[in-house]
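The values are calculated or read from the model by the stated rules, or taken from the named source; none is laboratory data. Since the structure is predicted, the reported quantities are computational estimates derived from the model, not experimental observations. A quick note on method: Cβ atoms are made from the backbone with ideal geometry, for glycine too, and the neighbour counts reach across all protein chains shown.
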Amino acid sequence: MDRMRLAVSLLNYRPGHVGGIETYIRKLIDAFAAPDQEHEVHFIAGKDVATCLPDRARCQVVSLSGKGLVGWRCIEAFTPLKAKQVARQVDAAGYDAILFPQQSIFPIGIETPSVLTVVDVQHLHRPEHYGLFDTHFRRAIYPPSLDKSRRIIAISHATKQDLVKLCGIDEKKVTVIHMGFDTAPVAGAAPERVVKAPYFYYPAATFPHKGHADLLRCFARLKNQGTAPKLVFSGMQTPLWKNLQKQVSELGLAEDVIHVGFVPYEQVVSLYSHADAILFPSEFEGFGMPVLEAVRYGKPIFCSDLPVFEELGVPEENRLDFGDANALLPVMENLEPTVLSKPPISWARCAEKTLQVMAEAVR
């Protein structure tokens, strides 16, 4: 196959504010910036994100960044106006295809063949989790992005089924590529502890569907048995965190629940490494990166009973109903490392398959 000139758009990327998809984007950046790629891969970014890329990365810096890019995304969604200047800059670079890894294509008017990664279409399942602005934005920008793309990457078969059944997408247009797994063994001594006491760990932004409230009720019941360690949260604190703080106080858990906020990846590694178990009570997921991270660090994972977690190979006894306040009571007797029944793919294989889909989009 001839060497192609491909690109990954980071115009929608805001480090620290995009939830679990950030790991996926960061891993693709690392893979595609490597010098031994089959194809020449560039990154398209605003000025602020461009400074965060590896030194070896090829980057096209567009004239807008930060609030300017957010503003133009909203203008494209809600008015007839399009970000034509940005579209011209991108098209003029002469890429064979562009990957948009965050659900939507911006600018929507580009002519370069596009590949779109779709994490989930949760807004069609759980509209109550979204405010008026977010609901209208998704309804305005997602359908044209799906139509515009030549190929779509779904991060799970569950997401592909939703795209076909709920969005009317031809299943031949959609390729399932699971997120990757860090296959390298965890080397060296465990990093310094962020939290000194024993704890359960839940890494997730406080979005409504992440199930923090149910987890707190379950944890309070476990704590009443006198056997529970601390409960540690990390990730972006959305406005919902204020309500969760009230719940923590009402349940008498002020000394037992710790939220460290959005922390550097090195501290996330420490939090995984020293946890007694990883908890994942999310009500809806397109994939579930904490499942793979738990396995990598040799930890037990206790997650909600969703089809995607069965797809990933989480044992039935580790999939819980967090709507039942007693759900966590058995976990103290089952703190052995979780073994998935289906081996995950590596990040290298994830990147390789992604490039294959981009090449198909060109053809």
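Being outside any helix (DSSP H, G or I) and either under 12 Å from H259 (Cα atoms) or acidic (D, E) (or both) is the filter here, so list the residues in segment 203-237 that pass it.
Hits for segment 203-237 are P203, A204, A205, T206, K230, L231, V232, F233, S234, G235, M236, Q237.
Name the single residue that is farthest from I75 (Cα to Cα) among those in segment 124-148 being out of contact with any strand residue (DSSP E or B) (no Cβ under 7 Å at 6 or more places or on another chain) and hydroxyl-bearing (S, T, Y).
Y130
Could you check segment 238-270 and list, in sequence order, the residues that are on the phi > 0 side of the Ramachandran plot and among the basic types (K, R)?
Hits for segment 238-270: nothing passes.
With respect to E285, is the statement that it is of a type in the set (D, E) and in a helix (DSSP H, G or I) true?
It is false that E285 is of a type in the set (D, E) and in a helix (DSSP H, G or I).
Yes or no: P330 touching a strand residue (DSSP E or B) at 6+ places or on another chain (Cβ under 6 Å) and over 15 Å from V176 (Cα atoms)?
So P330 fails the test.
From the set of residues in segment 61-91 that are under 16 Å from K47 (Cα atoms) and among the small types (G, A, S), which is nearest to the chain's Cα centre (by Cα)?
Filtering first and then ranking leaves G66.
Can you report the number of residues in segment 305-351 which are more than 19 Å from the chain's Cα centre (by Cα) and of a type in the set (D, E)?
Qualifying residue count, segment 305-351: 6.
Only one residue in I21, I44, I75, I25 is β-branched (V, I, T) and in contact with a Ser or Thr (Cβ under 6 Å, 6 or more places away or on another chain). Which one?
Result of the check over I21, I44, I75, I25: I44.
Tell me which residues, restricted to segment 46-86, are part of a helix (DSSP H, G or I) and surrounded by 18 or more Cβ atoms within 10 Å (Cβ to Cβ).
V49, L69, W72, R73, E76, A77, V86
Does L328 satisfy the condition of being surrounded by 13 or more Cβ atoms within 10 Å (Cβ to Cβ), hydrophobic (A, V, I, L, M, F, W, C) and not in a loop (DSSP other than H, G, I, E, B)?
Judged against the criteria, L328 is not a match.
Restricting attention to segment 1-21, which residues are modelled with pLDDT of 85 or more and of a type outside the set (K, R)?
Selection gives M4, L6, A7, V8, S9, L10, L11, N12, Y13.
Can you name every residue in segment 6-45 that is surrounded by 17 or more Cβ atoms within 10 Å (Cβ to Cβ) and assigned to a helix (DSSP H, G or I)?
I21, E22, T23, Y24, I25, K27, L28, I29, A31, F32
Criterion first (under 17 Å from V49 (Cβ atoms), in contact (Cβ under 8 Å) with a residue 12 or more places away in the chain and assigned by TED's automatic domain parsing to the domain that holds V174) does L116 satisfy it?
When the stated conditions are applied, L116 does not pass them.
Can you run down the residue pairs with Cβ atoms below 6 Å, 6 or more apart or on separate chains, where the first is in segment 296-317 and among the acidic types (D, E) and the partner is part of a helix (DSSP H, G or I)?
Between residues of segment 296-317 that are among the acidic types (D, E) and residues that are part of a helix (DSSP H, G or I), the close pairs are E311/H157.
Specify the residue that is modelled with the lowest pLDDT; the eligible residues are those in segment 163-204 that are farther than 23 Å from T23 by Cα and among the charged types (D, E, K, R).
That would be K196.
Could you check L253 against (1) part of a helix (DSSP H, G or I); (2) more than 30 Å from A34 (Cβ to Cβ); (3) without any contact (Cβ under 8 Å) to a residue 60 or more places away in the chain; (4) not small (G, A, S) and say which number it fails?
That leaves (1) as the condition not met.
Among T117, T159, which is the only one that is β-branched (V, I, T) and in a helix (DSSP H, G or I)?
Among T117, T159, only T159 is β-branched (V, I, T) and in a helix (DSSP H, G or I).
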